[in-house]
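We did not get these values from a lab; they are worked out from the coordinates using the rules stated. Predicted model, so just to flag it, every value in this text is computed and none were measured. As a convention, Cβ positions derive from the backbone with ideal geometry for all residues, glycine included, and neighbour counts pool all protein chains shown.
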Amino acid sequence: MNYKIFFVLITVFLFECGFTNNFRSKIKEANKDYENADYEKSLKKYMDINVEHPGNALVEYNIGNTLYKQKRYDEAIEHFEKASVNSDIKLKSKTNYNIGNSLYQQAIQSESAGKLDESIKKMKNAVEYYKQALHNNPSDKDVKYNIEFVQQEIKRILNKIKEQQKNQKNKQNQKKNQQQQQQCQQKDNDGQQKNKSQDKKEQQKKQGYRAQKDQKDKTNKGEKDKKNQPAKKGQELSKQEAQRLLDSLPDKDKKRKKQRVQRGYLGKVEKNW
């Protein structure tokens, strides 16, 4: 960027206006320090002159130039504005131009700090001051160049903002997708755990049925075995059981069985007497 700080040779102008030789000598010393890039010394001398002769547009302008070199842009703008109040059209054009330069430098600082909206605002203000400078001096090519340049810079910052917003949106979508995936995974895990629990309950239920069936079969088998088991040898029948048995025999056996029942069964006889 072709930044042009207008350094006014105020010694000539002051001589024409009838200032004293002592005053012109101080101006020359301050100008010399400025040209040697000793901005601290030149600023002090300009400030001293400004105290002795307050409100001089050219002195205020050179103070602004020196502060600009020290990157003290807020203070530089303040003195450029003071210089513009009581200046002619030519000097007014230069002060507006340098205010535009100062605002642009502040915009670059804001961009570096990540304050892109603030940077765009300052750049737009810079363009307005450049336009005022061009209005006062339509033939100034540097002003035209700076207007076009800063307008391109505004577009660059706007694109940067859009890119950041796009990246931020992508990050948000990515985070949202990750959360959805985690929720789906958790849901699947919960479903699997529920299925396992249901399978376990079903298995326990089947085992319970199986155990009940085995117990029932075992009980039925025991009752069947007990029912089919023959009476013990030598066991005496009760009178009612004997009668039922007698009734079930054929007639020819009833008499013999009845006699045996009446006598009572004593078991096997070891010897005939």
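Each residue of the stretch 180-197 in turn: what ³J(HN,Hα) in whole Hz from Karplus with 6.51, -1.76, 1.60 and θ = phi - 60°, glycine and Pro shown as x?
For the stretch 180-197, the Karplus curve yields 5, 4, 5, 5, 5, 5, 5, 5, 4, 5, 5, x, 5, 5, 5, 5, 4, 5 Hz.
Please compute the alpha carbon radius of gyration of the stretch 41-142, then divide it by the globular-protein estimate 2.2 N^0.38 Å. Two decimals is fine.
Details: Rg = 14.1 Å, N = 102, 2.2 N^0.38 = 12.8 Å.
The reported ratio for this selection is 1.11.
With Cβ to Cβ distances under 14 Å as the rule, what net charge do the other residues near Q182 carry (K, R +1; D, E -1)? Working shown, then result.
On the way: positive: K175, K176, K187; negative: D188, D190.
My count for the surroundings of Q182 gives +1.
First check a/c for the stretch 15-81, with a ≥ b ≥ c the square roots of the eigenvalues of its C-alpha gyration tensor; if it is under 1.5, answer rounded, and if not, answer prolate when a/b is larger than b/c or oblate otherwise. Mind showing how you got there, number by number?
On the way: a/c = 2.30, a/b = 1.39, b/c = 1.66.
In terms of gyration-tensor shape, oblate.
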